[in-house]
Amino acid sequence: MNEDFDKLRERMVKEQIFCRGIKDKRILEAFRNVPRHLFVPESQLRFSYIDSPLPIGEGQTISQPYIVALMSWLLDVQPSQKVLEIGTGSGYQAAILAYLGTKVYSIERIASLAERAERVLTQLGYNNVEITVGDGSLGWPQYSPYDRVIVTAASPSILDSWRQQLKIGGKIVLPVEYGLYQMLVVVDKISETEFSQKQICECVFVPLIGKYGYKK
Ligand code: SAM
């Protein structure tokens, strides 16, 4: 079974990630090595490596592999950087960032998802991920400032909490609501008050629910 997963994972990297233009060796290596099937629920196991998001329970999803790869690449992390992730979900994105050598601080609003993600990450030996249950729309001031912020739920806007908790020279990668659709955006912090932003592509994420996100 594990051999089958190894083959499926190799094919996922080649056909879904490399062939769509992500050729960064470190990113490809992370996707070759992190066992995505351990992050999906038993009922979805056979779909672990397909080109699609999958349900993980509680009405939430693990994102499509290509989107996780694209966001990881756009985040442009270096080992030992501090990354704030909003929306732990399955823990897969956190595992990829941990594999890349960063220290990940990840917030999830649903306790059962956070607990499962923590269990899998511990089992795989990713000690560089810290998970908390809470409202990520407030950020996580305790460990700020961060080198990078990655938001994996659609936000109504680029929130001040994330901008403030980011270092100068840092980046935020996030899906933002643009009227009827969502746009994947990269924000660069140029100075304490100046930010630039780049629109990457349309995307589809579950909503960010919280004080500065959407209401339930
Ligand atoms: N990064 C995840 C992964 O690798 O599986 C995918 C995350 S899923 C698309 C979005 C997650 O954001 C859900 O688990 C959802 O519960 C969480 N979420 C939504 N609003 C949140 C908030 N205000 N704070 C923290 N997590 C939130």
For the range 1-49, with only Lys/Arg (+1) and Asp/Glu (-1) charged at the beta-carbon, what is the dipole magnitude about the Cα centre, in debye rounded to 20?
-> 260
Find the all-direction average of the projected area of the Cα convex hull for the range 14-84, expressing the result in square nanometres with one decimal place.
-> 5.5
Please list L8, L166 in order of solvent-accessible area, largest first, computed with a 1.4 Å probe with all protein chains present.
-> L8, L166
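Which order do you get for E177, E115, E108 if you rank them by accessible area with a 1.4 Å probe, largest at the top? Working shown, then result.
Values: E177 80, E115 110, E108 15 Å².
Per-residue accessible area, sorted high to low, gives E115, E177, E108.
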Tell me, Kirkwood radius of the chain from alpha-carbon pair distances, in Å?
-> 17.2
Under 18 Å from a label point 7 Å along Cα→Cβ of R20: give me every residue in the range 46-74 with its amide N that close.
-> 47-55, 61-74
In whole angstrom, the spacing between the Cα centers of the range 1-19 and the range 133-177 equals 31
Dipole magnitude of the chain about its Cα centre (Cβ charges: Lys, Arg +1; Asp, Glu -1), debye to nearest 20 = 180
Other-chain or far-sequence residues with amide H under 5 Å of T88's (modelled H) = I107, E108, R109
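The values are calculated or read from the model by the stated rules, or taken from the named source; none is laboratory data. Small disclaimer: the values here were computed from a predicted structure and weren't measured. Because the Cβ atoms are built from the backbone with ideal geometry, glycine has one as well, and the counts that use them run over all protein chains shown. For the accessible areas, the whole protein counts, side chains as well, though only heavy atoms, and no ligand, DNA or RNA atoms are used. Shrake-Rupley method; radii C 1.70, N 1.55, O 1.52, S 1.80 Å.
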